[in-house]
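Below: the structure, in structure tokens.
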Amino acid sequence: MCRTYKLVMIACIFLPACGEGTDRNKGKKAMEESTQQANTELPAEGSDLFSRYGCFACHSLDGSDLYGPSLNDLFMKEVSVARQGKATIIVADRKYLSRAITDPDYEKVTEYKNKIMPKPVIPQEDVETLVDYLIELGKDE
């Protein structure tokens with residue numbers, strides 16, 4: 001009991017001093033501003049969605065071989081796909097990337113045609129953010 005009392009007293013003395021200066025709202029304002037700035041960063045949000053939906057488990061972003069095709073530098077490149085059993089060459093544009101996320105069985109990259117990608121349930125807004133993220137990744141290279 002005596003030890004607990006001492007800890008509580010120490011906390012009561014030092015915790016109020018944790019704010020910046022004498023304005024107790026400054027810390028709150030700084031936190032709100034940093035949260036607003038973080039919410040406007042599209043690549044970070046796309047990265048978060050890439051992790052949240054588990055894309056990283058099968059797809060690399062650095063060209064390395066995983067279960068599924070690597071997704072780096074993919075936007076506007078020619079890709080050999082199997083569509084309804086027939087091989088064809090397509091351009092990986094925005095529409096293709098969106099469809100590959102929402103309906104992965106429609107067209108499969110030829111080298112991965114025998115592999116199964118789960119058909120995810122992702123809100124359209126998140127799909128668009130993921131597509132934007134993949135496009136931005138290609139611009140960085």
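The values are calculated or read from the model by the stated rules, or taken from the named source; none is laboratory data. Just so it is clear, the model here is predicted, and its values are computed rather than measured. Because the Cβ atoms are built from the backbone with ideal geometry, glycine has one as well, and the counts that use them run over all protein chains shown. Ligands, DNA and RNA are stripped out before the accessible areas are found, and what is left, the full protein with its side chains, is counted by its heavy atoms. Shrake-Rupley method; radii C 1.70, N 1.55, O 1.52, S 1.80 Å.
Brief remarks follow.
- Figure legend. Inter-residue proximity from the stretch 119-141: first residues under 8 Å from Gly46 (Cβ atoms), second residues open to solvent by less than 70 Å² (accessible area, probe 1.4 Å) and part of a loop (DSSP other than H, G, I, E, B), beta-carbon distance below 6 Å, spacing 6+ or different chains. Indicated pairs: Leu134/Leu71.
- Within the stretch 65-92, the only residue that satisfies the criterion of being open to solvent by less than 50 Å² (accessible area, probe 1.4 Å), part of a loop (DSSP other than H, G, I, E, B) and hydroxyl-bearing (Ser, Thr, Tyr) is Ser70.
- Residues satisfying the stated conditions in the stretch 97-121, i.e. touching a strand residue (DSSP E or B) at 6+ places or on another chain (Cβ under 6 Å) and in a helix (DSSP H, G or I): Thr110
- Residue in the stretch 108-141 that is nearest to the chain's Cα centre (by Cα), counting only those that are among the aliphatic types (A, V, I, L, M) and open to solvent by 100 Å² or more (accessible area, probe 1.4 Å): Val121
- Residue tally, condition of a type in the set (S, T, N, Q) and under 19 Å from Glu107 (Cβ atoms), over the stretch 46-71: 1
- Of all residues in the stretch 49-76, those that are more than 13 Å from Pro120 (Cβ to Cβ), of a type outside the set (S, T, N, Q) and in contact (Cβ under 8 Å) with a residue 24 or more places away in the chain total 8.
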